[in-house]
Amino acid sequence: MKIVDARVIVTCPGRNFVTLKIVTDEGVTGVGDATLNGRELAVASYLRDHVAPLLIGRDPARIEDTWQYLYQGAYWRRGPVTMSAIAAVDTALWDIKGKVAGLPVYQLLGGRSREGVTVYGHANGETVEEVLVEVARYVDLGYRAVRVQCGVPGLPKTYGVSADKLFYEPADAALPSEATWSTQRYLAHVPTVFARVRDEFGPTLRLLHDVHHRLTPIEAARLGRSLEPYALTWMEDPVPADLQEGFRLIRQHTTTPVAVGEVFNSIFDAAQLIREQLIDYIRTTVVHAGGITHLRRIFDLAALHHVRSGSHGATDLSPVCMAAALQLDISIPNFGLQEYMRHTAQTDEVFPHGYHYADGYLHPAEAPGLGVDIDEEAAARYPYAPAYLPVNRLEDGTVHPW
Ligand code: EZ4
Ligand code: CO
């Protein structure tokens, strides 16, 4: 079997997605997600101009060899653009291998380790009252874990809090909008929110919170300590993780578990955090961390160090990425949680898929391969529209990490 075509499809059914479709001479096809929020066309060009020509004529069965060929062969290593492009190829080749074998990909990864993939949803509101209503909504839908984000009094707009609830989309403008940040106001408010949520929903609902890289290590340590009475499942991205040893300071001060990794694209971004047991959950994804092949390598390293998976699953990860993530989630020994932000009906129409939600769990498709495809005719009806994540500033105007 040989690869005869590798098409890059850019579509915007409510938000932008980049998808690679690989076609073989025997008519078997595979799909891979290549979406990099706010930088979509860079990956599309990398694939179209620099990767697709190298794939033609290759044996699609050689997944590892193709991964090494693209990674080692590029000379320039790592980075979100390169690794998203490699991820798309890798994911599509796993899809093809599953179809050829007549098995869902998780069977090729060792088979099931659990009955379903526990997911968490996003409850957010401007006020604590709104937040309580949203948490209740997820509990009613059967969710066992809920991420809680709340507006901060005195700040006009907070990232992660939106008017649109179940289908929240953070990339909200053709040029970046701006949000305001105050660590002082935030640290004073968050514990009061979790006190109310715990009080209302009792001790067993799993609660999570995303800090979006906005604190320094000692501030994060203080937040973690102030949240200890509310027994969070995790505090996400408390600080920018460029300085991995910075997490030692957080660890020395708090027992609130830490989750990191949605912006990582390589095992080297996480290696020190994992080896020193500075984190509890690694949140890297199929699309941004080199595909199923490389993500499994990260999860295996994590398993040696008591670190569980907690993969990113926001709306900018397409249903193709979610389908692939679920194949890993159901099979690895050290699965933790899977984020699940629902896609819109338009997105679901463009990406027909067999995975489904029931009673707090996502279940991977049983079809051979990944159990997801792209409807290219439907995709063509939604042309690319630039959209960016907001930029964050302090009250005095200084650009602040997020
Ligand atoms: O900011 O997906 O945990 N989820 C998140 C998301 C991310 C976006 C970035 O593209 O932090 O909202
Ligand atoms: Co996050």
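The values are calculated or read from the model by the stated rules, or taken from the named source; none is laboratory data. As the structure is a prediction and not an experimental result, all values here were calculated from the model. Quick reminder, even Gly has a Cβ in these numbers, built from the backbone with ideal geometry, and neighbours come from all protein chains shown. For accessibility, only protein heavy atoms count, side chains too; no ligands or nucleic acids. Shrake-Rupley method; radii C 1.70, N 1.55, O 1.52, S 1.80 Å.
With an 8 Å cut-off on Cα pairs and a minimum separation of 6 or more residues, tell me the relative contact order of the chain in percent.
Reported relative contact order: 23 percent.
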### Task
In whole Hz, with x marking every Gly and Pro, tabulate ³J(HN,Hα) for the range 135-151 from phi via Karplus 6.51 cos²θ - 1.76 cosθ + 1.60, θ = phi - 60°.
4, 4, 4, 5, 4, 5, 6, x, 5, 9, 9, 9, 8, 10, 10, 9, x
### Query
Hey, how much of the P(r) for the range 132-180 falls beyond 14 Å, as a percent of Cα pairs?
59
### Message
For the range 108-366, give me the percentage of DSSP beta bridges that are antiparallel, rounded to the nearest 5 percent.
### Response
20
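With Cβ to Cβ distances under 13 Å as the rule, what net charge do the other residues near Pro60 carry (K, R +1; D, E -1)?
That works out to -2.
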### Summary
Sorted on mean Cβ neighbours within 10 Å (highest first), peptides 167-173, 336-342 come out as 336-342, 167-173
#### Entry: the range 3-104: relative contact order in percent, alpha carbon pairs under 8 Å with at least 6 residues between
33
### Query
What order, most packed first, do the peptides 229-237, 284-292, 386-394 have when packing is the mean number of other Cβ atoms within 10 Å of each residue?
284-292, 229-237, 386-394
### Query
So who's got an amide H within less than 5 Å of the one on Arg144, skipping anything under 5 residues away but keeping other chains? H placed 1.01 Å off N, in plane.
Val119
### Query
Taking the simple approach of a point 7 Å from Cα along Cα-to-Cβ for both Glu366 and Thr216, what is their distance in nm?
5.6
### Message
If amide hydrogens are placed 1.01 Å from N in the peptide plane, which non-local residues have theirs closer than 5 Å to the one on Val258?
### Response
Met235, Asp280, Tyr281
### Task
Sticking with the crude label model, points 7 Å out along Cα→Cβ, report the distance from Arg7 to Ala314 in nm, one decimal please.
3.0
### Message
In Å², and per residue, what accessible area does the range 3-104 have when probed at 1.4 Å with the other protein chains present?
### Response
38
### Task
At most 15 other Cβ atoms within 10 Å and a DSSP loop assignment: could you name the trypsin sites (Lys or Arg not before Pro) in the range 44-93 that fit?
Arg62, Arg77
### Candidate lysines for bridging to Lys157, where Cα separation is under 17 Å - those fewer than 8 sequence places away on the same chain excluded
Lys165
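Is the range 3-104 rounded, prolate or oblate when judged by the Cα gyration tensor, a ≥ b ≥ c being the square roots of its eigenvalues, rounded requiring a/c under 1.5 and prolate requiring a/b larger than b/c?
oblate
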### Query
According to the square roots a ≥ b ≥ c of the eigenvalues of the Cα gyration tensor, what is the shape class of the range 72-179, taking rounded for a/c under 1.5, prolate for a/b larger than b/c otherwise, and oblate for the remainder?
oblate
### Query
When ligands, DNA and RNA are left out and all protein chains stay put, how many square angstrom of accessible area per residue does the range 188-240 have with a 1.4 Å probe?
38
### Query
At 222 nm, what helix-only mean residue ellipticity would the chain give, in deg cm²/dmol to the nearest 500, using -39500 (n - 2.57) for each DSSP H run of four or more?
-10500 deg cm²/dmol
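Using the alpha carbon gyration tensor of the range 108-366, what are the three equivalent-ellipsoid semi-axes (square root of 5 times each eigenvalue), largest first, in whole Å?
26, 23, 18
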### Message
Just to confirm a number: summing +1 for Lys and Arg and -1 for Asp and Glu over residues other than Thr344 whose beta-carbon lies under 15 angstrom from that of Thr344, what do you get?
### Response
-3
### Query
How much accessible surface area, in Å² rounded to 10, belongs to the heavy atoms of Lys97 with a 1.4 Å probe?
70
### Task
Hey, can you grab everything whose amide H is under 5 Å from the amide H of His213? Only 5+ residues off in sequence or another chain; H modelled, so Pro and N-termini drop out.
Val239
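Can you give the relative contact order of the range 42-150 as a percent, counting alpha carbon pairs under 8 Å and 6+ residues apart?
Relative contact order, the range 42-150: 21 percent.
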### Task
Give me the percent of the accessible area of the chain that comes from carbon and sulfur atoms, probe 1.4 Å, all protein chains in place.
54
### Message
As a test question: what accessible area, to the nearest 10 Å², does Ile63 have when a 1.4 Å probe is rolled over all protein chains in place?
### Response
10
## Note on the structure
Karplus ³J(HN,Hα) for the range 155-169 (6.51 cos²θ - 1.76 cosθ + 1.60, θ = phi - 60°; Hz, whole; x = Gly/Pro) runs 9, x, 8, 10, 4, x, 10, 9, 6, 7, 8, 4, 10, 4, 10
### Task
Could you tally the net charge around Gln244, taking each other residue with its Cβ under 11 Å from the Cβ of Gln244, Lys/Arg +1 and Asp/Glu -1?
-2
